[in-house]
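Let me begin by presenting the structure, written as structure tokens, before commenting on it.
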Amino acid sequence: MKNLNKQDIEFLIDAIKSGKEIPLEYRYALFPTKQKEYELVYAGKMRKEDILADNEEAKAVPLQIEKVFNGKKYPLVAPDWRNLLVFGDNLQVLKTFYKNEDEIIKNKIKGKVKLIYIDPPFGTGDEYDGNKGQSAYSAKKKGADFVEFLRRRLIILREILADDGTIFVRIDYHFGHYVKLVMDEVFGKNNFRNELVINRFKRQLRNLNQFNHSTDSLFFYSKSENYFFNEIERQRLDVFSGEKAEPVWRGMSSPGLRNPPERVIFGKTLLPPKGRHWTFRQERVDELIKEKRIRINEKVQYTDIGGKKVRGLPEYLQSDTVPVDSNWTDIKGYVFNASYPTENPEELLERVIKSGSDEGDLVMDVFAGSGTTLAVAEKLDRRWIGCDIGKLSIYTIQKRLLEIQKSKEIDNPKKKYKKYAKSFAVVTSGLYDLGKVFALKKDEYIRFVKGLFEIEETKTNAIGGVDIDGKKKGFYAKIFPYWELEGASVDEKYLEELHKNLGSKIDGRFYIIAPANNVDFISDYHEIGGVKYYFLKVPYQIIKELHRVQFKKLRQPQSKKNINDLDEAIGFHFVRQPEVKSEIKKTKNKVTLCIKKFESAYSQDETGEKLKNFESLAMLLFDCDYDGEQFVMDDYTFAGDLTKKNEDTDEEVRAEISKKKNVDIEFPAEKCGEQIMVIYVDIYGNEFREVIKTK
């Protein structure tokens, strides 16, 4: 609908006044957008402007440093930079990068990322198998939900990318055509560079009514016309067999005429054969002669373009390598091992990273998974940022980086690969350690809670002698200075004093941010003289009046087959340690951890039903030779593995594991050091850590 007539306008005014739903056909008339040449239209598609703005479903949240690794070996990768591994919802994390206000990343990421690689779970509902026939994962977000899930992230990724940066997106046959249209829309179809064909799982199923699928697509786009690109070469392969091919001598002429036609070869001026031209310019001919890659084959006679018969055809020796084209099926598609399903091979990421970046450039992967992108970036001396929503992913990557000297070394001829990974920080986003919040210095604490509660800056610093720290939703806010007022709290006396100075000078609402222990009110607000004083407590208790959409916690899988399920978080939460009761039994041959009780501090699920013993257990992670300083994961087990059954959903896992009275985990004595660390993870990402003495 292009124009609204009088009746349309009257209808819309009436609908707005009465709170009626406005029909979708008025969407583009009310909110016109400049349409792209190609644009995919589907249910639930959000405007770009709304995606980039903070909203109830996805907003920027502060970052919190969990731990810094290898800080003593390599204090900084570059001046004022440390590589980052972020645990959190990648949309929230990207919003924080885009907003560019958090002190940890301010002016370090936005517009500076040279290369982005992502391999999102494909959102098909299909199951993918592991190397031993086990079902590896099922990516369950489907249809328009998946397309929009990815589009929102691509829009922000483009804003974070450097002007000369590039992005590679791996996708399979189910959604490749949709994603291509979305990327044309987001990056511009003129910035489409290649659709690269890469291997996927090699299935040879019979009795199908279609061909087996053997390849995925890797879409390569740039942000602008002026983008960075390194030509990559690979070993020469035989066209038919795909095996290594030795270079052969070829006649040095090609079809068609060129000017000037002659070349000086071994001191003689030669014209090319009739109807052809010499393959190389004179400068290249001279180089090849120096490299001893040109010869005269005296057995061949030809007629040159002047009609003269000549004996001895110039030939050139092919190079050992050739430029890589868009067919990448010379390298494997996925790697399956004991640690993580659907792992990208290092050879694939080596080719991507070398083509789109140089040493010192910044590389990003926000679906980090097993961390192949980050490990290869580290080996190739790039700076990097990785993000994932899964605890298992974070600990897998952490181990991979800490033990990088044990892995296969990628060839880096310019600079020999160092023994240890350079310093990196594990950072959390949306799930915070309360103790670390209160350990912040005054200015850092103020910045953190302002970001947490979306307090906007204002020119007004004080009203009636009361310090003002900003505005929330158009109303003034104050951060309670608990560090100055020892023993004081937000009680009726404090509010009466505030109201005496503020009441007549402000509108009907005022926000107070304070530690929960310093607030004497159970209710969410206290009203005095028509002004409602709202309490934003740390840790936060959700005030439904302020949020149209309920906050949603990060969810951790309870079985391996659900490890790559697409999930999203809304809002933020604080770590609440699960309750664990266990005992240790030791024999000469083994150490047994007998777990009697595991309950999440969040005792109810989304339905409000209380979770039984073990129902909230997601996974157990083990370091069998814990050094007392840093956890390096040796193994893990999901809750689903403890039931000895093959449940398809986490709901089925919970139903089965809740029947157990205890869980025994055995550690063979020969695999154990002097102490073992066990990390218990609940379905919301909260952890309980336990150290077991084995000697």
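Laboratory data are not the source of any read-out in this text; all were calculated from the coordinates shown. If you're wondering where the values come from, they're calculated on a predicted model, not measured in any experiment. Cβ sites come from the backbone with ideal geometry, for glycine too, and all protein chains shown count toward neighbours.
Among rounded, prolate and oblate, which fits the chain when a ≥ b ≥ c are the square roots of the eigenvalues of its C-alpha gyration tensor, a/c under 1.5 means rounded, and a/b larger than b/c means prolate?
Taking the square roots of the gyration eigenvalues as a ≥ b ≥ c, the chain is prolate.
Please tell me the relative contact order of segment 361-406 in percent, rounded to the nearest whole number, where contacts are Cα pairs under 8 Å and at least six residues apart.
Relative contact order for segment 361-406 comes out at 41 percent.
Would you kindly derive the ³J(HN,Hα) couplings of segment 273-284 from the backbone phi angles with the Karplus curve 6.51 cos²θ - 1.76 cosθ + 1.60 (θ = phi - 60°), listing them in order in whole Hz, with x for Gly and Pro?
Listing the rounded values in order: x, 4, x, 9, 9, 5, 4, 10, 5, 4, 4, 6 Hz.
Helix 391-402: angle to the longest alpha-carbon principal axis of the chain, degrees 0 to 90, nearest 10?
50 degrees
What does the C-alpha gyration tensor say about the overall shape of segment 143-186? Classify as rounded when a/c is under 1.5, otherwise prolate if a/b is larger than b/c, or oblate.
Here segment 143-186 falls in the prolate category.
Can you tell which of 476, 389, 289 lies farthest toward the positive end of the dipole of the chain, using +1 and -1 charges on the Cβ of basic and acidic side chains (Lys, Arg; Asp, Glu)?
Selected residue: 289.
How would you order 366-377, 435-446 from highest to lowest mean count of nearby Cβ atoms within 10 Å?
Highest-to-lowest ranking by the protection proxy: 366-377, 435-446.
Can you compute 3J(HN,Hα) from phi for each residue in segment 549-555, using the Karplus curve 6.51 cos²θ - 1.76 cosθ + 1.60 with θ = phi - 60°, rounded to whole Hz and x for Gly and Pro?
Those phi angles translate into 10, 4, 4, 10, 6, 4, 10 Hz.
Can you sort 680, 525, 178 so the residue with the fewest Cβ neighbours within 10 Å comes first?
Listing 680, 525, 178 from fewest to most nearby Cβ atoms yields 525, 178, 680.
Choose one of 30, 539, 312: the residue whose Cα lies farthest towards the positive end of the charge dipole of the chain (beta-carbon charges +1 Lys, Arg; -1 Asp, Glu; about the Cα centre).
So the residue furthest toward the plus end is 312.
Cα centroid distance between segment 425-456 and segment 519-588, in Å?
15 Å
Pull up all non-local amide H partners of residue 335: gap of 5 or more, or a different chain, and H-to-H distance under 5 Å with H placed in the peptide plane.
For residue 335, whose amide H was placed from the backbone, the distant partners under 5 Å are 343, 344.
Using the per-residue mean of other Cβ atoms lying within 10 Å as a proxy for protection, in what order, highest first, do the peptides 355-361, 584-590 fall?
Going by the mean number of other Cβ atoms within 10 Å, highest first, we get 355-361, 584-590.
Magnitude of the Cβ-charge dipole of segment 438-595, K/R +1 and D/E -1, about the Cα centre, nearest 20 debye?
It works out to roughly 1140 debye.
Quote the charge dipole size of segment 576-693 about the Cα centre in Debye, to the nearest 20; the model charges only the Cβ of Lys and Arg (+1) and of Asp and Glu (-1).
Using Cβ point charges on Lys, Arg, Asp and Glu, segment 576-693 gives about 780 debye.
Below 8 Å, C-alpha to C-alpha, sequence gap of six or more: please give me the relative contact order for the chain in percent.
13 percent
Post the alpha-carbon centroid distance, segment 217-235 to segment 310-375, in whole angstrom.
One Cα centre to the other: 12 Å.
Among 637, 614, 516, whose Cα lies farthest out toward the positive end of the dipole of the chain, if unit charges sit on the beta carbon of Lys, Arg (+1) and Asp, Glu (-1)?
Most positive-ward Cα: 637.
Could you tell me whether segment 240-334 comes out rounded, prolate or oblate from its Cα gyration tensor? Rule is a ≥ b ≥ c as square roots of the eigenvalues, rounded for a/c under 1.5, then prolate if a/b exceeds b/c, otherwise oblate.
Prolate is the answer for segment 240-334, as a/c is 1.5 or above and a/b outweighs b/c.
Search the structure for amide H atoms under 5 Å from the amide H of residue 536, placed 1.01 Å from N in the peptide plane, and list their residues when 5 or more places away or on another chain.
When sequence neighbours closer than 5 places are left aside, the close amide H contacts are 512, 513, 514.
Over segment 416-511, calculate the relative contact order: mean separation of alpha carbon pairs under 8 Å at least 6 apart, over the residue count, as a percent.
The value is 20 percent.
Exposure proxy check: 385, 109 ranked by fewest other beta carbons within 10 Å?
With the sparsest Cβ surroundings first, the list reads 109, 385.
Where does each of 191-199, 96-104 land if you order them by average Cβ count within 10 Å, highest first?
96-104, 191-199
Test of understanding: ordering 31, 598 by Cβ neighbours within 10 Å, fewest first, what list do you get?
31, 598
Through the Karplus equation 6.51 cos²θ - 1.76 cosθ + 1.60, θ set to phi - 60°, convert the phi angles of segment 443-452 into ³J(HN,Hα) values in whole Hz; use x for Gly and Pro.
5, 5, 4, 4, 4, 5, 6, 5, x, 5
With only Lys, Arg, Asp and Glu charged, each at its Cβ (+1 for the first two, -1 for the last two), find how big the charge dipole of the chain is about the Cα centre; round to the nearest 20 debye.
That gives the chain a dipole magnitude of about 2240 debye.
By DSSP, what percent of the beta bridges with both residues in the chain are antiparallel, rounded to the nearest 5?
Given both bridge residues lie in the chain, the antiparallel proportion sits at roughly 70 percent.
Given H placed on each backbone N at 1.01 Å, which residues far from residue 357 in sequence or on other chains put an amide H within less than 5 Å of it?
Under 5 Å from the amide H of residue 357 lie the amide H atoms of 230, each far enough along the sequence or on another chain.
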